[in-house]
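Heads up: the structure comes next, in structure tokens.
What follows is calculated from the coordinates using simple rules that are stated; it is not laboratory data. Keep in mind that what you see is a predicted model, and the values were worked out from it rather than measured. Here Cβ is always computed from backbone atoms with ideal geometry, including for glycine, and neighbour counts include all displayed protein chains.
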Amino acid sequence: MTTNKKPLAQSIAVIALSAMALDTAYAAIEEVTVTAQRRAQNIQDVPLAITALSEEELQERQIDEPIDLINYVPNLFGGNNTGLGTANAYYLRGLGNTESIATFDPPVGTYVDNVYIARQNGNNVSFFDIDRIEVMRGPQGTLFGRNTTGGAVSIHMKKPAEELGGWIEGSIGDFDRTMVRGSVDVPMSDSMLTKFSGFWLDEDGFVQNRTTGDELNGDEAWGIRTDLRFIPNESIIWDISAEMIESSSLNITNSFSDLSSFARPYDNGISDNSEDRYSQTGIRASDDSEGSLEQLSNGDGLGNRVDSWAISSNLAWEGDFGTLTFITGIRSLEQKFIIDFFDGPGFAGTYTIANSGEHDQFTQEIKYNNTFMNDRVDFVGGVYYHSEDNTTDWSTLFDIGLPLLLADREMDNDNTSFAVYGQADFQITEALTFTAGIRWTDEEKEVDLQDFKPGLAANNPYPNILIFPSAPGSELTTANLEAQGIATKLDESVVTPRFAVQWQITDNLMAFASHTEGFKSGGWNARGTSAQELIPFDIEEVETQELGFRSDWLDGTLRLNATFFWMEATDFQVPSAFVRDNGTIAFITQNFADLENEGLEIDASWAPNEMFSMYATAGFQDAEQIPGEAIREQQANCQAGLGGGGQGIVTPSCEIADQTRSPDSTYTIGANLTAQLPSFNGYLSGNINVRRTDDINVGTSGLPNGLVDATTEMNAGITLGVGENLRFALECQNCTNELVQHSVLAGTFYFNEPRRVTFRARYSF
């Protein structure tokens, strides 16, 4: 495969010419209100890179799951985490993380109604009854805090309406997919409004297990949500919500019947890859995986189950003093899974993980908004508290003819974070605004480990599993870590400022420049299978400069927004996979390098009339890893990776690898055409969008099998509206059945879903 990288300047010139061409041709684009700066603003007045999608746009573009956002946000790439269909791994501006263990934190934060979802395992929330989604690119360290160095995905649910009404929708599709979902608003009184929502999903998988006959990578889920809005007087609005979701979704590695080369396990010429995809793991699938070693020893339990519940409260009190908002969130997540790697051609054995985890978090924020000096100063500030308790019991095995137990341990890790923040917009003149903000965060983490392997080696209850005693001093216990000088407690205080200047050149043209900082938490290398490998890594800090403009043209029918960015991440947390001398696999994350990235992001939309609209997004970036002294020494000695398998920085040819999952360019273009049908008192609407992703490396080690050629994916749909209440839609996702490799982990491959055709019927009342 050859890689054709365009210089950044050339890419900028191309998009600039494209924008000029658009100016000759769009229709009154509706005003979009966002809260990216923790107060309501027109998106065109916000001096940061942001993409916002309304409820109507989510439906039109077939955004049913959070991972679907990668098709519509510049420089956003990702997929379901390896093995775990309930977890999404986002990469935004080159920053991301595929690790789901609780000692690792993602750099792209997910929020639901301003409540942070700490664990990646539970960020695949159901997308229905959504008011809007805001995706903020770049560090959000001042107003959102830790673990938002890449950006933040902020989901805002619809609130109870003042009138009785609602909707119900049913859909059927490929792979025997059936979904029913709906919502109803029930006002109890003028001061008490309620909403009830729910969904149910059942889908067979698209991967055939040739060993057991099971169908894999299906989805079973249900969820309910209750919202209460209490308005006792004109000064107070109190929103309370409660939800419960159960989901079973697997993302197992799969291969193809016409596989010709291990080094290149994909073929974009496959005519119908849904029929060719297969697995050959000997572990039987289970709808109720316990994630236990006992279940795995019986050859059972392949699957991934997540049970979660959440309660949130948002109390806003407005008076002459300003507005005080009390935001409280309680979330609990229980996950159990067994996943198997290395079951495809080219491997003689398997690498298997059994996991059972409980994750509980509590957040409390008190936010204050006010204006001063005759509305020339807008201020937002507050205090924030986050507490998290994680317990994870997991086992790892490697097949050497019989399964060999590598590790069996339980880990408790507690995270506590306290922050104080403030940001003010100073209107210097009618056209010029200066923004200054700062956040101070104090974070404490602690880990405690128990190792069950020594006891199992002494008295093995699983005769079909090989269990050898651990080397003295290598047991995964807190005492062993401390005896070897490995810290079990981390404490860090960080200051993250933001500065911006905003110039309202005309009523329809705004330019801005900004400097923003953020940080991602440190943690422990919990993938290690011995005390010597379970070492801590430091926080990762990011600084970003942005230069951009927001503009409306042609009487508000054409919108063109662009942002240039320059980013530097210091003490970059690099994940890796390598092979030990004994042939087993180890996973390591350390602060091996820095990361530099620069790029351009474009959002454009055109609506010349009520019948036709178009939109386009484009992202360009040039991410480059800057390794430290140890990696430079490794490169000079032509050591292509610690232990022989790649450190994520040095490639087998002893070059510095491109940053993983950071394509040089991504493009999306879409259109919608609507025709009124007076005889039906309805309409007929068609929509189409195409996503182009440049060459990319989706591995963790810079190995050639992670290189993926440029890909193009297309979604399309047609909708018939009858009257004001009834709507039918026929949709397809990945219409051309493009095969896209999202990830490769230690030689195992993960792909997008095959083409899916869905029929929907929706009734509103």
Worksheet item: What does the convex hull of the Cα atoms of the chain come to per residue, in Å³, rounded to a whole number?
Response: 156
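Which FRET efficiency value, to the nearest 0.05, do you get for Ser189 and Ala636 by plugging their Cβ-Cβ distance into 1/(1 + (r/R0)^6) with R0 = 60 Å? Provide the component values of the computation, followed by the final result.
On the way: r = 75 Å, r/R0 = 1.25.
Here the calculated transfer efficiency is 0.20.
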Practice prompt. For every helix of n ≥ 4 consecutive DSSP H residues, a contribution of -39,500 (n - 2.57) applies; sum these over the chain, divide by its total residues, and give [θ] at 222 nm rounded to the nearest 500 deg cm²/dmol.
Written response: -1500 deg cm²/dmol
Item to complete: With unit charges on the beta carbon (Lys/Arg positive, Asp/Glu negative), name the residue among Pro663, Ser679, Val650 whose Cα is farthest towards the positive pole of the charge dipole of the stretch 649-695.
Response: Ser679
Discussion item. What FRET efficiency comes out for Glu610 versus Thr712 if R0 is 35 angstrom and r is the Cβ-Cβ distance? Round to the nearest 0.05.
Written reply: 0.70
Worksheet item: What is the calculated FRET efficiency for Asp389 to Ile240, with r their C-beta to C-beta distance and R₀ = 22 Å, to the nearest 0.05?
Response: 0.40
Worksheet item: Taking the Cα centre of the stretch 148-212 as origin and charging only Cβ (+1 Lys, Arg; -1 Asp, Glu), how large is the dipole, in debye to the nearest 20?
Response: 240
Worksheet, complete the sentence: So, with points 7 Å from each Cα along the Cβ direction, the Glu220-Ala424 label distance in nm works out to 5.8
Response to the item:
Treating every alpha carbon of the stretch 133-214 as one equal point scatterer without solvent, the Debye formula yields log10 I(q)/I(0) values at q = 0.20 Å⁻¹ of -0.89
Worksheet item: Hey, can you rank 142-154, 456-468 by average C-beta count inside 10 Å, highest first?
Response: 142-154, 456-468
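Taking the Cα centre as origin and putting +1 on Lys and Arg beta-carbons and -1 on Asp and Glu beta-carbons, what dipole magnitude results for the chain, to the nearest 20 debye? List each step's numbers first, then the result.
On the way: 46 positive and 111 negative charges, 173 e Å.
It comes to approximately 840 debye.
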Worksheet, complete the sentence: Ordered by fewest other Cβ atoms within 10 Å, a rough proxy for footprinting exposure, Met188, Met179 read Met188, Met179
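A 31 angstrom limit on the alpha carbon distance is what I want to check against. Which of Lys336/Lys367; Lys159/Lys445; Lys158/Lys445; Lys195/Lys367; Lys336/Lys453; Lys159/Lys367 exceed it?
Values: Lys336/Lys367 36 Å; Lys159/Lys445 36 Å; Lys158/Lys445 35 Å; Lys195/Lys367 26 Å; Lys336/Lys453 20 Å; Lys159/Lys367 20 Å.
Cα-Cα > 31 Å for Lys336/Lys367; Lys159/Lys445; Lys158/Lys445; rest within.
Ranking Glu430, Glu134, Glu601, Glu246 by Cβ neighbours within 10 Å, fewest first, what do you get?
Numbers: Glu430 8, Glu134 20, Glu601 28, Glu246 15.
In increasing order of surrounding Cβ atoms, one gets Glu430, Glu246, Glu134, Glu601.
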Worksheet item: Could you give the distance between the Cα centres of the stretch 108-181 and the stretch 62-100, to the whole Å?
Response: 13
Worksheet, complete the sentence: In Å³ per residue, the alpha-carbon convex hull of the stretch 670-765 encloses 107
Fill in: Dipole-positive endmost among Trp309, Asn413, Ala604 within the chain (Cβ charges, Cα centre)
Ala604
Item to complete: For the stretch 76-124, calculate the relative contact order in percent as a whole number, restricting contacts to Cα pairs under 8 Å that are 6 or more residues apart.
Response: 32
Fill in: Fully extended contour minus Cα-Cα distance, from Asp507 to Leu547, at 0.36 nm per residue
12.5 nm
